[in-house]
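Participant: I'd like to ask some things about the structure below.
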Amino acid sequence: MVEMNNVSMVYESSGTEALDNVSLSIRDGEFVFLVGPSGSGKTTLMKLITGEIRAKTGKVVVNDFDMRKIKRRKLPKVRRTLGIVFQDYRLIENMNVYDNVAFAMRVVGARRREIRQRVPYVLELVGLEGREKRMPNELSGGEQQRVAIARALVNNPRMIVADEPTGNLDPVRSLELMLLFEKINEMGTTILVVTHEKELVNALSKRVIAIDRGHVISDGTDGYFSYEIE
Amino acid sequence: MIREGFRSIGTHGFMSFATVTIIMACLIIMGSVTLLSLNIDRLIKGLENRNEVVAFVEDSYTEDQARALEDQIAAIENISSEKFVTRSEAFDTFMKSYSSDLAEGLDDQVLRDRYVIHLTDIALMEQTKADLENIEGVAKVKAHLDYAKTFVTIRNVVSVVSLALIAMLVFVSIFIMSNTIKLATFGRREEIAIMKMVGASNGFIRLPFVVEGLVLGILGGGLGYLAEWGLYELLTKKLVGSVAGSIFAVVPFAQIALPMLITYMAIGVFIGAFGGVNAIRSYLEV
């Protein structure tokens, strides 16, 4: 879950006000789209959730962790409750599919037996069974993003945060990916997807939070894309 | 995570190879200059030892009286060794060195009993000469103070130049080695960012880098040491067979093997482990 109350964020280096008095709430088990034009504050909002930056004012709570007060060394604890998916997949090029996913478990100290059981299960869940030995450059964009989702999912996070996950994919693959997120959501994981793609958002009737110039301008649970991208 | 460090050496094979090679090369250069300085120092010390001080005993002293002075001479602090030479032994040496015509009609009584003395530090030759002259029964002391001063100057210059050169090389080498490690980790910033994002603690991220750095450092240090050893043995063997080899004796590698091994390993371990940790520090601030 995410709770933001009156959150403002100014980048001191440039003086840019990225967020201005933003309040929103995402409950456990929800599927939420975050939409808005470039420079609207989406990335800042994502970074506040993942703990890459801290809000200057207001309150940010992510999966019961107070992100304004949390000590830097405690951040890994928050991140273990999150699965993060990026637009550019961010796979390790010299590791095969299996290792890219297993790597995420290894770095949080999972046992080998646990890894051997969990990784094949997650790969099957995202539709990549039989591709364990492939290297990232042998996969299509959609498959690479599935590996990234498997990696985000493998540590059983409470919430998946995806930043423009379909940005590099064609519409068919994008829809497939959204359906995969929906499937994951049905299994109980909260999903937050940042996207620009109107058709995609409209295809899945989910909650849409629109943000522009640092303000939440609409927050609809009726599943349609209520904000027109400039 | 320790296994991760070893695995990483294999997966980043080329950078691992480059790091080991650079550490090895830097250590060989540093080690070679150090060994050269050590040998020059040894050569100067050898030449210094040939610079003897001779203390002549009073004419009136009998051989027994002259020999009795040895304890007093040996008690002087800066004297490393003293050898009593009787007037007849000195005469024989003289006869061998010069034409017998010169000594015709002379007998050994024209010479004095004497002590041939070697000093611990020739820089203190003047003081030692005075101490010898103060001993009752010592008639005269012959000491080449000018030579001694020249040797001391040469030795000091060589020491300063060697130290400066070694310090410079250490500085340059550490810079090169740490930059190589930085370069090796730069290519892995993405990997570190991913580790951070999946919730790895800084300690967990650091540990494989420490292990990897340690292994590469030990490898670089060990291989550098072996290469230095081989090179030194090869060069000294060639030197022993040449003219230079007859002038001075090189320092045997066995004599310096242990301190060199410890130094090489220590530098390798330090630069590997701390270089690795230092290089990834900025990537951990996410």
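The values are calculated or read from the model by the stated rules, or taken from the named source; none is laboratory data. Computed from a predicted structure; not experimentally measured. In this analysis, Cβ positions are derived from the backbone assuming ideal geometry, glycine residues included, and neighbour counts consider all displayed protein chains.
Participant: With A:V147, A:V122, A:V78 as the choices, which residue is within 14 Å of chain B (Cβ to nearest Cβ), within 22 Å of B:N202 (Cα to Cα), assigned to a helix (DSSP H, G or I) and under 18 Å from the mean Cα position of the chain (by Cα)?
Facilitator: It is A:V78.
Participant: Checking the structure you have, find out if any residue of region A:54-71 is within 14 Å of another protein chain (Cβ to nearest Cβ), over 16 Å from the mean Cα position of the chain (by Cα) and surrounded by 15 or more Cβ atoms within 10 Å (Cβ to Cβ).
Facilitator: Yes: region A:54-71 contains one or more residues that are within 14 Å of another protein chain (Cβ to nearest Cβ), over 16 Å from the mean Cα position of the chain (by Cα) and surrounded by 15 or more Cβ atoms within 10 Å (Cβ to Cβ).
Participant: Among (1) closer than 30 Å to A:L48 by Cα; (2) more than 14 Å from every other protein chain (Cβ to nearest Cβ), there is one condition B:K238 misses while meeting the rest; what is its number?
Facilitator: (1)
Participant: Is it the case, given these coordinates, that A:V147 is touching a Gly at 6+ places or on another chain (Cβ under 8 Å) and touching a residue at least 24 places away in the same chain (Cβ under 8 Å)?
Facilitator: In short, no.
Participant: Tally time: how many residues in region A:193-215 are in a strand (DSSP E or B) and crowded, with 22+ Cβ neighbours inside 10 Å?
Facilitator: Of the residues in that region, 7 qualify.
Participant: Residue check: is A:M46 touching a Ser or Thr at 6+ places or on another chain (Cβ under 9 Å) and in the same structural domain as A:K206 (by TED's automatic domain parsing)?
Facilitator: On the way: touching a Ser or Thr at 6+ places or on another chain (Cβ under 9 Å): no; in the same structural domain as A:K206 (by TED's automatic domain parsing): yes.
It is false that A:M46 is touching a Ser or Thr at 6+ places or on another chain (Cβ under 9 Å) and in the same structural domain as A:K206 (by TED's automatic domain parsing).
Participant: Restricting the search to region A:97-106, which residues are touching a helix residue (DSSP H, G or I) at 6+ places or on another chain (Cβ under 7 Å) and more than 7 Å from chain B (Cβ to nearest Cβ)?
Facilitator: The answer is A:V97, A:Y98, A:N100, A:V101, A:A102, A:M105.
Participant: Shifting gears a bit: Name every residue in region A:153-173 that is more than 15 Å from the chain's Cα centre (by Cα) and either hydroxyl-bearing (S, T, Y) or closer than 12 Å to A:Q87 by Cβ (or both), in order of residue number. Quick ask: steps written out before the conclusion?
Facilitator: Let us first name the residues in region A:153-173 that are more than 15 Å from the chain's Cα centre (by Cα), namely A:168-173.
The answer is A:N168, A:L169.
Participant: In addition: Just checking, which of A:I84, A:I92 is buried (at least 17 other Cβ atoms within 10 Å of the Cβ), facing chain B (nearest Cβ under 10 Å) and in a strand (DSSP E or B)?
Facilitator: From the options A:I84, A:I92, the qualifying one is A:I84.
Participant: Ok, one more. Can you find a residue in region B:9-20 that is out of contact with any Ser or Thr (no Cβ under 8 Å at 6 or more places or on another chain), among the hydrophobic types (A, V, I, L, M, F, W, C), modelled with pLDDT of 85 or more and not assigned by TED's automatic domain parsing to the domain that holds B:I135?
Facilitator: Yes; the residues of region B:9-20 include at least one that is out of contact with any Ser or Thr (no Cβ under 8 Å at 6 or more places or on another chain), among the hydrophobic types (A, V, I, L, M, F, W, C), modelled with pLDDT of 85 or more and not assigned by TED's automatic domain parsing to the domain that holds B:I135.
Participant: Can you tell me which condition A:G109 does not meet? The list is (1) part of a loop (DSSP other than H, G, I, E, B); (2) within 9 Å of chain B (Cβ to nearest Cβ); (3) closer than 29 Å to A:R173 by Cβ, and all the others hold.
Facilitator: If we test A:G109 against (1) part of a loop (DSSP other than H, G, I, E, B); (2) within 9 Å of chain B (Cβ to nearest Cβ); (3) closer than 29 Å to A:R173 by Cβ, just (3) comes out false.
Participant: Something else now. Which pairs do you get when a residue that is under 27 Å from A:T57 (Cα atoms), found in region A:196-222, comes within reach of a residue that is charged (D, E, K, R) and in a helix (DSSP H, G or I), reach meaning Cβ atoms under 7 angstrom, with the pair 6+ apart or on two chains?
Facilitator: So the pair list comes out as A:I211/A:K42.
Participant: Of (1) within 14 Å of chain B (Cβ to nearest Cβ); (2) hydroxyl-bearing (S, T, Y); (3) more than 19 Å from the chain's Cα centre (by Cα), A:T50 satisfies all except one. Which?
Facilitator: Looking at each condition in turn, A:T50 falls short on (3).
Participant: Might you check whether a residue that is within 14 Å of another protein chain (Cβ to nearest Cβ) and either closer than 30 Å to B:V157 by Cα or out of contact with any Gly (no Cβ under 9 Å at 6 or more places or on another chain) (or both) occurs anywhere in region B:13-28?
Facilitator: Yes, region B:13-28 contains a residue that is within 14 Å of another protein chain (Cβ to nearest Cβ) and either closer than 30 Å to B:V157 by Cα or out of contact with any Gly (no Cβ under 9 Å at 6 or more places or on another chain) (or both).
Participant: For the subset of region B:175-210 comprising residues that are small (G, A, S), over 28 Å from A:K74 (Cβ atoms) and part of a helix (DSSP H, G or I), which member is farthest from the other protein chains (Cβ to nearest Cβ)?
Facilitator: The qualifying residue farthest from the other protein chains (Cβ to nearest Cβ) is B:S178.
Participant: What's the total number of residues in region B:146-174 that are loosely packed, with under 13 Cβ neighbours inside 10 Å and not hydroxyl-bearing (S, T, Y)?
Facilitator: The number of residues fulfilling the criteria is 10.
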